[in-house]
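Notes follow once the structure below has been shown.
Please treat every number below as a calculation from the coordinates, not as lab data. Fair warning: this is a prediction, and the values are worked out from it, not measured in the lab.
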Amino acid sequence: MNAFRKLISFIFQIYLLTSFRVDGKPCSNSSSECQQVRMPLVSNKLNAPLVAELDITSMNKQLKTYIRDDIESTFSKNIHRMVKNKQDDLKVSMLQDYSSKLNTTKTEYDKKISNIVQNLKIKQEELQLEIYDVNKNLSESESIFNSEIIDLLSWFQQRQETLKLAMLSDYLSNLQQSQDDNKQTINDLASDLNSQFDNLSQKFKEELTKSTTYLQTQGNTFEDWKTNLMDTLHDCSDMNDTVHKSGVYTIFPDHKNGIRAYCDMSSCGGGWTVIQRRIDGTTSFDRNWVEYREGFGDPQKEYWLGNKF
């Protein structure tokens with residue numbers, strides 16, 4: 001910064017120097033401010049000295065212009081180069097200063113970050129210790145809680161068993177009372193049922209006696225009717241007066257057991273007992289002597305009545 005200030009001071013002095021003017025005026029014999037310059041001139045032809053009076057006003061003006069232009073040109077380049085060099089030096093100096101400050105700042109930040117990291121590690125270790133203590137306390141609390149829960153469950157189970165026993169005792173007592181009441185009711189019902197059963201039994205015996213007598217009478221009547229029927233229905237001709245439709249009826253040819261036979265009640269005045277009936281060939285008549293004697297087939301379709309009848 002001191003070099004830059006010196007440079008500015010030097011440039012300012014040069015500027016003052018180039019700005020200084022010397023005013024010249026044409027010379028006159030009466031003017032005291034004007035000076036004449038006497039210069040000896042030598043003529044090659046005359047070989048005699050000549051004296052010429054020159055007005056230096058214009059020369060001063062031209063000289064000043066020349067000096068100023070030359071100084072401006074020369075010093076402008078130098079100043080430009082010096083300024084550029086100073087600017088470069090200033091840039092380098094500023095960059096070095098910035099780099100130095102940056103390095104210093106980086107060092108400080110690295111130190112701060114290192115301190116922060118170290119503090120974080122310490123905090124982390126402290127936090128881990130606290131977490132360990134919390135977990136330890138939590139484990140102990142959980143163990144105590146589990147123990148209390150087990151004790152509570154044990155007490156609850158005991159209480160529940162006691163309550164169950166009390167409820168069971170009440171239930172059994174009520175059940176016994178109910179059984180006693182039901183037993184009395186059952187005894188009363190049993191007594192009523194026995195009385196009603198005795199009455200019904202007496203009535204049933206009377207009705208049974210009446211029914212037995214009636215059935216015996218009806219049985220005797222049926223036997224008489226059966227005997228009369230067996231005596232009258234030896235074959236189909238015996239029912240010719242009462243039956244007028246052909247079909248299968250029961251006849252009693254041996255006065256013992258009835259047999260089913262087909263009665264033709266429409267052909268030639270009716271009353272014909274069909275001994276053999278053949279319609280569609282569904283029954284085989286290729287039989288032995290025993291089957292022909294006992295009879296075979298279905299009277300509704302095809303059959304042989306039987307030789308024994």
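Student exercise: in the range 65-198, how many lysine pairs 8 or more apart or on different chains have Cα atoms under 28 Å apart?
17
Does the range 65-198 come out rounded, prolate or oblate by the C-alpha gyration tensor, with a ≥ b ≥ c the root eigenvalues, rounded set by a/c under 1.5 and, if not, prolate when a/b is larger than b/c and oblate if not?
Verdict is prolate for the range 65-198.
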